[in-house]
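Below you'll find the structure, written out as structure tokens, and then a few comments.
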Amino acid sequence: MYNGAMNMAGGAGRYTEQAFRKQMAEIIVEAWELIGATMQQRTQQFGPVATDPSSALTSWIIVGVMPDDPMALIDDVYRAKAKHYHPDNKTSGSEERFKMLSRAYEEIKRLKGA
């Protein structure tokens, strides 16, 4: 936890905890604005993000690839995620995530004609 004062770059002065928290809040707001702008651009390019897990767009998001990525890259990304979320890893929720990932991958293969 932050304990009250932090040296500024170059040691020219000190931040109070209040100033530090204010600056961090501003950074977080800027980050969220950037994320919002990025999501807006993606929505304009690919359409709105659907909440239906059978949606094609949701499949791209779940696997973590873009529609114009080559199938070889999609296969590699899928294999890495499948290995991570395989139920044998015994992490909480991994079986459900693995099933969702597999369904999304099958939908992408169908869409790509692979």
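May I ask you to list the aspartates and glutamates whose Cα is less than 14 Å away from that of LYS112, ignoring any residue fewer than eight positions away on the same chain?
Within reach: ASP68, ASP69, ASP75.
Between SER102 and ASP75, what is the spin-label point distance in nm, taking each point 7 Å from the Cα along the Cα→C-beta axis?
Each label point lies 7 Å from its Cα, and together they span 1.9 nm.
For the residue pair GLU17 and ASP68, what label-to-label distance in nm results when each label sits 7 Å from Cα along the Cα-to-beta-carbon direction?
My value for the distance between the label points is 5.0 nm.
Describe numerically, in nm with one decimal, the distance between label points set 7 Å from Cα along Cα→Cβ at GLN41 and at VAL29.
2.3 nm
Of THR58, THR38, how do they rank once you tally other Cβ atoms within 10 Å and put the fewest first?
Lowest to highest Cβ neighbour count: THR38, THR58.
Taken together, the values in this text are just the output of simple stated rules run on the coordinates, not laboratory data. Because the structure is predicted, anything quoted here is derived from the model rather than measured. Note that we place each Cβ from the backbone using ideal geometry, even for glycine, and neighbour counts take in every protein chain shown.
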